Each structure stands twice: as C-alpha cells, then as structure tokens.
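Novice: Can you keep this structure in mind? I'll have questions shortly.
The values are calculated or read from the model by the stated rules, or taken from the named source; none is laboratory data. Remember, predicted model here, so these are calculated numbers, not experimental data. When we count neighbours, we look across all protein chains shown, and the Cβ atoms used for this are built from the backbone with ideal geometry, even at glycine. With ligands, DNA and RNA removed, areas are computed over all heavy atoms of the protein, side chains included. Shrake-Rupley method; radii C 1.70, N 1.55, O 1.52, S 1.80 Å.
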Amino acid sequence: MPISNEQVTAHPFLSALYRSTYYPDHVVDRGRAVLLALCERIEAERPAGLAALYALTHAATEEFNDLQDAFVEAGSEIETVARDEIGGEFWFVARAYGFAEADVEELIAPRDW
C-alpha cells in the first residue's frame, strides 16, 4: 500500500544518519524501511487512540532493536546521535498522523539502544 500522507512522503527519514559516514547506508536503509512500514501500518490500521498507536510503534521499535547487530557488523552502532535521530523520527511519524500528544519515550519504550 503506497503511503498517502504528503508530510511523510516528502520527509527525508534518518537524514542525519545518511549524512554521516559512520552509519552504513545499507543498514540505515533498513531502518528507513522500518519507519516507512510503520507509516503504512498506521494508514492501513488507522489506530483510534494512543494505545493502538503505541502498539504499532513498539513493534517498529523492536525491529530497530533487531538492527543493532547489523550496525555492529558494519562497524557502527546505535549510539547517541542515532538514538536521537531514530526517536525524533518516531515523534515525527506520530505528529504526521495526528498524534501530537504522544509521549516520545512511550513511542519507543521497548528500545534497548
């Protein structure tokens, strides 16, 4: 399902990570795919409230947890800059879909990075 939200389609996800040579593009691409899949799920499932949104963002956060090994294998890691960037992207997604009241920490609560 193509994403219809114009804010999302115009947004350069994880741009700070792409600008740095420390983060390998092929791994960042996988993170970007997680975020885009989250947007697709939000559009398909249309969560009615924060609890439903958090269920979706938590699943996506778990996918980022799984990417940690890929970052390490490529000579990188999800450290402070990456954590801030990824968390900011989850916050952007929540706002883009009308959940401005979402708590950033709760959006990514199951993170282990």
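Novice: Which sequence of 61, 21 reflects their accessible areas, 1.4 Å probe, from the largest down? Show your work: numbers first, answer last.
Specialist: On the way: 61 0, 21 140 Å².
From most accessible down to least: 21, 61.
Novice: Another one. Determine the sum of side-chain charges near residue 36: Lys and Arg each +1, Asp and Glu each -1, restricted to other residues whose C-beta is under 13 angstrom from that of residue 36. Can you show the working numbers first?
Specialist: Numbers: positive: 30, 32, 41; negative: 29, 40, 43, 63, 89.
Computed value for this residue: -2.
Novice: With a 1.4 Å probe and every protein chain left in place, tell me how much accessible area residue 22 has, in Å² to the nearest 10.
Specialist: Solvent-accessible area, nearest 10 Å²: 90 Å².
Novice: Right, something else. Defining a contact as two alpha carbons under 8 Å apart and six or more residues distant in sequence, what relative contact order in percent does the chain show? Please list the in-between numbers first.
Specialist: Details: 102 pairs, mean separation 37.9, N = 113.
RCO, the chain: 34 percent.
Novice: Residue 84 accessible area, nearest 10 Å², 1.4 Å probe?
Specialist: Approximately 110 Å² of residue 84 is accessible to the 1.4 Å probe.
Novice: Okay, moving on. Run the quick spin-label model on residue 55 and residue 92: label points 7 Å from Cα toward the beta carbon, then report their separation in nm to one decimal.
Specialist: So the two model labels end up 2.7 nm from each other.
Novice: Please report the accessible area of residue 69 (heavy atoms, 1.4 Å probe, ligands and nucleic acids excluded) in Å², nearest 10.
Specialist: Its accessible surface works out to 100 Å², give or take rounding.
Novice: Now for a different question. Using unit Cβ charges (K, R positive; D, E negative) and no other charged atoms, how large, in debye to the nearest 20, is the dipole of the chain about its Cα centre?
Specialist: Numbers: 8 positive and 21 negative charges, 66 e Å.
Dipole magnitude for the chain comes out near 320 debye.
Novice: Residue by residue through region 90-101, what is 3J(HN,Hα) from phi via Karplus (6.51 cos²θ - 1.76 cosθ + 1.60, θ = phi - 60°)? Round to whole Hz and write x for glycine and proline.
Specialist: Going residue by residue, I get 4, 5, 4, 4, 4, 5, 4, 9, x, 10, 4, 7 Hz, with x marking Gly and Pro.
Novice: Which whole-Hz ³J(HN,Hα) couplings does region 107-113 yield from phi under the Karplus relation 6.51 cos²θ - 1.76 cosθ + 1.60, θ = phi - 60°, glycine and proline marked x?
Specialist: Once θ is set to phi - 60°, the couplings for region 107-113 become 4, 10, 4, x, 5, 10, 10 Hz.
Novice: Among 100, 67, 113, which residue has its Cα furthest toward the positive end of the charge dipole of the chain, with +1 on Lys/Arg Cβ and -1 on Asp/Glu Cβ?
Specialist: Comparing the listed Cα positions along the dipole, 100 ranks first.
Novice: At 7 Å along the Cα-to-beta-carbon direction for both residue 104 and residue 30, put a label point, then send me their distance in nm to one decimal.
Specialist: Spacing of the two 7 Å Cα→Cβ label points: 2.6 nm.
Novice: Could you tell me how far the Cα centroid of region 95-113 sits from the Cα centroid of region 1-71, in Å?
Specialist: 12
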